[in-house]
Amino acid sequence: MQREIFEPKIVGFFCNWCSYRAADAAGTARIRHAPNVRVVRLMCSGRVDPAFVLKAFALGADGVLIAGCHPGECHYLEQNYKTMRRFVLLKHTLQALGISDRRLRLVWASAAEAARLAEAINEMVEDIRTLGPLNWPANWTDDRGHLDEVEKILLEHQQAMEIGR
Amino acid sequence: MAERIGVYICHCGSNIAGTVDVAEVTRWAGTLDDVVIAREYKFMCSSLGQAVIQDDIRKEGLTRVVVAACSPHLHERTFRNACANAGLNPYLLQIANIREHASWVTTDRQAATNKVKALVAGAVARVRHHRPLEPMSVNVNPHTLVLGGGIAGIQAALELADAGYPVYLVEREPSIGGHMAQYDKTFPTLDCAACILTPRMSEVGQHENIRLLAYSELEQVSGSIGNFRVRIRRRARHVREDKCTGCGLCIEKCPRKVVDEVFEAGMGYRKAIYTPFPQAVPKIPVIDTRSCIWFERQRCRACEKLCPTGAIDFDQQDEFLDVEVGNIIVATGWELFDCRRIPQYGYGRLANVFTSLEFERMCNASGPTGGRIVLRDGVTEPQSVCIVHCVGSRDQRFNTYCSSICCMLSLKFGHLVMEKTGAKVYACYIDMRPNKKDYEEFYQRLLDEGMLFVRGKVAEITDVARTPQEEGKLIVQVEDTLLGKQRRIPVDMVILMGAIEPRRDARETGLKVGISCSMAGWFIERHAKLDPVATMTEGVFIAGACHGPKDIPDSVAQGAAAAARAQGMISKGTVKIEPVVASVNEDKCSGCRICNNLCPFNAIDYLEEKTVSQINPALCKGCGTCVAACPAGAITGAHFDRDQVEAEVSGLLWDAHGDGRPATGAREPALEPALPQE
């Protein structure tokens, strides 16, 4: 039996003004790209509650793609900077939970950058194909691995904050 | 009570049905929870398609509607209206974008159909959580602010003022007129620019409905559509507007002469107290404090002594004027590319290399040379001139876009040089783009007049001669791509057609009024084709070359269009604004104030006495950043609330949890190796 190609399921959180329009434009211009990203339209990438991302993984997403306007081009002036901060935080959290941070991406795409967005989507889909399915909801186990990872991050934070020196 | 959801799948002719198994999706959608009707239709957006939805709302008592069709940016409004007309709150509708995001993305029928199912499932899951919303109605202040007094701004201001609405026209320079006032002739008709512009300028100056605020700048904008509060900095002219009669005696007697870098483009001089040009509106001069002898070393005051009305005031300070307006039209124009950035073209190093603006001033009868075309020495007429196109435009190193007006500008220059001096004129171009009404005919005319066209991008302009004929000349090194040969063209004068660039402070202006800029720095319109005048911020419009390179007719058209849009709102009196805003649940708010600093629109106030935060719905633009940040979950983002988004995510992943995956993935690792930490 031939092995089926793994088709990752990716949830996209796209801002209404730039990236969602870029995704529209990619379709309109018939720029063929991987159909694996299922897009949720939000008014701004700043609306992306970190809980949404974790929820998506918890519901079985293999990856999450956040897309917004370029820094300095936010329709809401500067809210994408806040997305940037949350993105870094989220990556850390994901690592702590034992999920590769390659499963979460942040892409800047202006409304005119359909080709760039399509390329970013293809890249991400390929990358997640190599990672394989996440199957988070089905894979909760209580082995030591989680705790070791969490402790590593705690230690790193302590060192960074110079706690207990 | 369970919702009664209707799902409508559009074929969009073959646009969707060509790649997606619409029948299968419709059948499957009918099996989803709470879906009472699932239908397919050839064109949902047609009036017949809308009627199908409306009939079902009335007869089947639908409480929610999902339309799976094109992007919500195209037809959300159509279907919202359809729902509203059938008595369903328009916000109880959700669009699944199955065309742009699915059928046009792939040619794989199976993959497209799968994605459409996920998108429909997401929309169905989400729409269940929708809540009815009512758009807010706000009154529109009849005043309009026009920012920039070039030809686009002048046109916009006059259109509004003539319609009977009051306008504040703010201009940074001492006089309105903009770049057009600097030109001699205008293509392709060769009308004298001043002859057609100055009547419009004086109309602005005298109009009872226009308050002209020249030598002023936008300081700050707050509020939103219908009710903007604007603070304008009125820079100190050091000449009192209420007393000055504009006689010009002060200018005549001022002993200090300096190079005029702005209006004369560095080609001519002006006094320390000056009006940029004789027909300036307002005709009141300003004192340039950087060159005035009094401000430099506390001596002179000649103007003050001689002013017959005592209008000179050396102690004048910048003043702030606060005005309230309903709409803002931004027409801040463009700047010329700094040709020094291409050193091999020699501008600033080789005397007889001119920029297009310098040449405009030289051609102008009221300019520094009285309209004579001469070399930098001020006497010698050139025997030959080369015009270099696309200097800084259509160039990956500088600006990738086409500046669009330079081809015609070059033809106009060619005509003027030949007419005034009889010199031989070369133009080195990449492509000729005379693409508007009567432009091609003008190109043909110049071909007939004997202008010489060389197709090729100029590599270098040098004064290093290789042959005796090149001695004392500027040599233009260019590959003639039609002949397939390198050429060295010796000429007396070179004119660089510098790129039209956005204002250096365009981003800053954009931030103040709430317009975003493209990568290049041009203001972004709401829709590239259907709404080139409005911006993403309601009540803020753009006109002229701040939106992209434009010639005079286009700037005028856009100025008039922007005025018409503002006028429409003023004459209606009220405007409906989207109810997509955030609000704070005071019972849940702990008063931590995390959200307070997140809002760039200052919509969140902290109520000291109640120790809670509060959101002003008129200022909130609905981005949702505060909603995402609230640790207590006390902020609700209407139409993008947590339960709505999470339900959509859950629907989108319908095939990933539940029946889509095995319950225990025994062979999958429980953990992925975390990336090594530095």
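Bear in mind these aren't lab numbers, they're just calculated from the coordinates by the rules spelled out. From a predicted model like this one, the values you see are computed outputs, not experimental measurements. Backbone-built Cβ (ideal geometry, glycine too); neighbour counts: all protein chains shown.
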Electrostatic dipole magnitude of the range B:159-210 [Cβ: Lys, Arg +1; Asp, Glu -1; Cα centre; debye, to 20]: 140
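Just the Kirkwood number for the range B:330-395, please: inverse of mean 1/r across all distinct Cα pairs, in Å, one decimal. Provide the component values of the computation, followed by the final result.
Values: mean 1/r = 0.0744 Å⁻¹.
So the Kirkwood estimate lands at 13.4 Å.
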The protein assembly as shown: D in µm²/s via Stokes-Einstein (Kirkwood Rh, Cα pairs, 20 °C, 1.002 mPa s)? 70
Measuring from a point 7 Å past the Cα of B:A564 along Cα-to-C-beta, which residues in the range B:504-540 have an amide N at less than 12 Å? B:532-533
The range A:10-140 pair-distance distribution - Cα-Cα, 5 Å bins, rounded %: 2, 12, 23, 24, 20, 13, 5, 2, 0
Add -39500 (n - 2.57) for each DSSP H run of 4 or more in the protein assembly as shown, then divide by its residues: what number comes out at 222 nm, to the nearest 500 deg cm²/dmol? -9000 deg cm²/dmol
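Extension gain B:K253-B:Q444, at 0.36 nm per residue separation less the Cα-Cα distance, in nm? Please report the intermediate quantities before stating the final value.
On the way: separation 191, 0.36 × 191 = 68.76 nm, distance 4.93 nm.
Value of the extension gain: 63.8 nm.
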How long are the semi-axes of the ellipsoid equivalent to the range B:589-636, from square roots of 5 times the Cα gyration tensor eigenvalues, in whole Å, largest first? 15, 13, 8
In whole percent, what relative contact order does the range A:10-140 give with Cα contacts below 8 Å and a gap of six or more residues? 37
Taking the dipole of chain B about the Cα centre (Lys, Arg +1; Asp, Glu -1; charges at Cβ), the one of B:Y8, B:Q444, B:I210 that reaches farthest to the positive side is B:Q444
Tell me, how many Å apart are the Cα centres for the range B:49-83 and for the range B:289-353? 57
Cα-Cα P(r), the range B:335-501, percent of pairs per 10 Å interval: 10, 41, 39, 9, 0
For the range B:502-636, what's the radius of gyration and Dmax over Cα atoms, in angstrom? 18.6, 58
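Rg/Rh for the range B:5-135 to two decimals, with Rh computed the Kirkwood way over all alpha-carbon pairs.
Ratio value, two decimals: 0.94.
Just to verify a number: FRET efficiency for B:S590 and A:M84, C-beta to C-beta distance, R0 = 30 Å, to 0.05?
Working: r = 26 Å, r/R0 = 0.87.
Working from the Cβ atoms, E equals 0.70.
If R₀ is 22 angstrom, what is the calculated FRET efficiency for the pair A:T28 and A:E7, using the beta carbon separation as r and rounding to 0.05?
Details: r = 24 Å, r/R0 = 1.09.
That gives a FRET efficiency of 0.35.
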Using the Karplus curve 6.51 cos²θ - 1.76 cosθ + 1.60 with θ = phi - 60°, what ³J(HN,Hα) values do you get for each residue of the range B:447-456, in whole Hz, with x for Gly and Pro? 4, 5, 6, x, 5, 9, 10, 10, 8, x
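Would you mind working out the magnitude of the charge dipole of the range B:582-634 relative to its Cα centre, with +1 at each Lys and Arg C-beta and -1 at each Asp and Glu C-beta, to the nearest 20 Debye?
Details: 4 positive and 5 negative charges, 40 e Å.
Dipole size: approximately 200 debye.
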Estimate the FRET efficiency between B:E324 and B:K572 by the formula 1/(1 + (r/R0)^6), using the beta-carbon distance for r and 30 Å for R0, to the nearest 0.05. 0.95
So, with +1 on the Cβ of K and R and -1 on the Cβ of D and E, and no other charges, what is the size of the charge dipole of the range A:10-140 about its Cα centre, to the nearest 20 debye? 200
What is the distance in Å between the Cα centroid of the range B:579-647 and that of the range B:475-492? 65
Taking the C-alpha atoms of chain B, convex hull volume expressed per residue in Å³: 260
